[in-house]
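I have placed the structure first, in the form of structure tokens, so that the comments after it can refer back to it.
The values are calculated or read from the model by the stated rules, or taken from the named source; none is laboratory data. The model shown is predicted, which means the values in this text are computed figures rather than measured ones. Cβ: placed from backbone, ideal geometry, glycine included. Neighbour counts: every protein chain shown.
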Amino acid sequence: MLQNKRILLIISGGIAAYKCLELIRRLREQGAAVRCVLTKSATEFVTPLSVAALSGDKVYGDLFSLTDEHEMGHIHLSRDADLLIVVPATANILARMAQGIADDLATTVLLATDKKVMAAPSMNVRMWEHDSTVSNLENLRRRGIEILGPDSGDMACGEFGEGRMVEPAEILAAIQAHFKDDGRLSGLRALVTSGPTHEPIDPVRYIANRSSGKQGHAIASALARLGADTTLITGPTREHDPSKVEVVHVETAREMLAACENALPTDIAVCAAAVSDWRVTQEADQKIKKDGSEPSLSLTENPDILRTLSQPGNDRPRLVVGFAAETGDVIEKAVPKRKTKGCDWIVANDVSPGTGTFGGDANQVHLITETGSESWPQMSKQEVADMLVRRIADHLHPPAAAE
Ligand code: CTP
């Protein structure tokens with residue numbers, strides 16, 4: 001069932017757009033609330049009136065309609081949804097999504113969202129096989145957008161091949177699969193650290209690192225989606241605060257530790273932050289001026305947050321997960337790190353130059369537990385987060401006991 005799930009259905013202008021009507025009906029039968037955005041060309045294939053009648057809601061379409069913006073701005077449209085799905089997804093809208101073009105309401109909502117996005121492509125086989133579409137799809141998948149289908153078969157244009165949109169039943173099944181774990185972590189508390197820390201040298205300068213915070217933020221979102229009461233403690237990043245998560249912004253390692261201790265007790269702790277190992281022993285209270293000499297910085301080791309949280313005691317979370325950012329021999333370096341830190345699991349990844357891990361959208365990780373290590377395929381950071389959080393849910397509530 002999809003009781004209380006809010007689906008934002010973006011209908012673009014393809015011949016399969018009429019199938020949306022059946023999808024809306026089926027989603028509503030399952031208890032979902034469906035709100036629809038139609039592109040201008042979609043209205044050539046389905047009428048806003050039939051979409052409104054089936055969805056039981058106003059239909060949105062024109063970015064520049066002052067009434068739409070007044071009643072429900074594009075940011076709210078995505079904020080108020082649990083999932084965005086583009087059905088059918090034409091080659092054109094996929095290209096605009098891949099390029100970040102926001103020239104109508106549909107693409108503006110897609111660019112503004114931090115929610116899970118699915119798309120069901122529908123196009124002629126030659127368009128589907130075109131190099132541009134292939135690279136757009138690669139780009140979208142890397143960013144965590146789930147692509148459903150397409151199927152092969154006879155097409156409306158008279159050709160045969162890949163590009164036919166998957167049936168509404170299959171789209172419904174994918175949506176149900178997406179929500180199936182929801183609520184599995186209800187009643188549990190989770191704490192996630194994310195991003196770099198900034199360690200001041202003087203009022204102007206600081207020591208930092210290349211962490212973007214993307215992985216930690218995605219993990220916090222995924223934990224919250226499964227129902228955990230989640231606190232995200234983040235160093236300075238360009239990431240948006242995820243919805244349904246309590247976010248604490250910090251700068252330094254010591255502030256991050258204090259915020260973590262403040263968030264205890266918690267059932268789950270995931271330390272994804274790239275905490276600066278050192279701070280400047282004595283921060284200068286005035287900007288340090290050049291004087292022709294070679295300046296040197298005296299550094300002091302920062303507290304180890306992961307190790308502190310892993311220490312045995314009443315406040316120890318039931319599951320503590322650390323990350324290991326390594327260059328070369330990732331598993332060999334990360335296995336002993338699990339022991340020295342005292343955490344339960346380590347997610348190890350290679351951050352060597354050229355891997356694109358720091359700052360990029362993709363990640364290839366190895367999960368190291370008390371029973372050994374397993375290597376996961378290269379995935380988007382969102383997919384790594386979803387898979388890790390599903391594993392956390394399986395560990396705390398084994399599937400057989402979850403019913
Ligand atoms: N970590 C932490 N506090 C620190 C340093 C690291 O909580 N002061 C956590 C990170 O969030 C990560 C794990 O420890 O979960 C491993 O971080 P990593 O940078 O790989 O290892 P370090 O402990 O810094 O060891 P080294 O840099 O020597 O490999």
Checked Ile171, Ile201 against criteria (crowded, with 24+ Cβ neighbours inside 10 Å and more than 16 Å from the ligand (Cβ to nearest atom)); the one match is Ile171
Restricting to segment 244-259, name every residue that is assigned to a loop (DSSP other than H, G, I, E, B) and over 22 Å from Leu223 (Cβ atoms). Glu251, Thr252
Out of everything in segment 304-317 that is modelled with pLDDT of 95 or more and either exposed (fewer than 15 other Cβ atoms within 10 Å of the Cβ) or not in a loop (DSSP other than H, G, I, E, B) (or both), what residue ends up being farthest from the ligand (Cβ to nearest atom)? Pro312
With the condition kept exactly as written, say whether any residue in segment 106-119 is over 23 Å from Ser221 (Cβ atoms), in contact with a strand residue (DSSP E or B) (Cβ under 8 Å, 6 or more places away or on another chain) and outside the structural domain of Ile219 (by TED's automatic domain parsing). no
All but one of (1) out of contact with any Ser or Thr (no Cβ under 9 Å at 6 or more places or on another chain); (2) assigned to a strand (DSSP E or B); (3) among the β-branched types (Val, Ile, Thr) hold for Thr231, so report the exception by its number. (1)
In this structure, does Asp350 turn out to be more than 9 Å from the ligand (Cβ to nearest atom), within 18 Å of Asn262 (Cβ to Cβ) and at pLDDT below 95? no
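Table: residues versus (1) crowded, with 16+ Cβ neighbours inside 10 Å; (2) in a strand (DSSP E or B); (3) touching a strand residue (DSSP E or B) at 6+ places or on another chain (Cβ under 9 Å).
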residue: Leu77; (1), (2), (3): yes, no, yes
residue: Val87; (1), (2), (3): yes, yes, yes
residue: Ile101; (1), (2), (3): no, no, no
residue: Ser132; (1), (2), (3): no, no, no
residue: Gly153; (1), (2), (3): no, yes, yes
residue: Ala156; (1), (2), (3): no, no, yes
Within segment 331-341, restricting to residues that are of a type outside the set (S, T, N, Q) and within 11 Å of the ligand (Cβ to nearest atom), the one that is surrounded by the fewest Cβ atoms within 10 Å (Cβ to Cβ) is Pro336
First in segment 320-339 and touching a residue at least 60 places away in the same chain (Cβ under 8 Å), second anywhere and more than 10 Å from the ligand (Cβ to nearest atom) and part of a helix (DSSP H, G or I), Cβ under 8 Å, 6 or more apart: Val321/Leu388; Val321/Ile392; Phe323/Gln215
Filter segment 211-254 down to the residues that are of a type in the set (D, E, K, R) and surrounded by fewer than 24 Cβ atoms within 10 Å (Cβ to Cβ), then identify the one that is farthest from the ligand (Cβ to nearest atom). Lys244
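Whether any residue in segment 40-53 is polar (S, T, N, Q), under 20 Å from Ala81 (Cβ atoms) and in the same structural domain as Ile75 (by TED's automatic domain parsing) is what I want to check. Before you say what the answer is, go through the steps one by one.
First, pick out the residues of segment 40-53 that are polar (S, T, N, Q): 41, 43, 47, 50.
If we keep only those that are under 20 Å from Ala81 (Cβ atoms) too, we end up with none.
No - not one qualifying residue is present in segment 40-53.
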Only one residue in Asp350, Asp344, Asp285, Asp277 is over 30 Å from Ala81 (Cα atoms), loosely packed, with under 14 Cβ neighbours inside 10 Å and acidic (Asp, Glu), so which one is that? Asp285
Test of understanding: among Gly328, Gly292, which residue is more than 26 Å from the chain's Cα centre (by Cα), modelled with pLDDT under 95 and either surrounded by 22 or more Cβ atoms within 10 Å (Cβ to Cβ) or within 16 Å of the ligand (Cβ to nearest atom) (or both)? Gly328
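If you scan segment 261-289, which residues turn out to be more than 30 Å from the chain's Cα centre (by Cα) and away from the ligand (no atom under 13 Å from the Cβ)? Reasoning before the result, please.
Taking segment 261-289 first, the residues more than 30 Å from the chain's Cα centre (by Cα) are 279-289.
The answer is Val280, Thr281, Gln282, Glu283, Ala284, Asp285, Gln286, Lys287, Ile288, Lys289.
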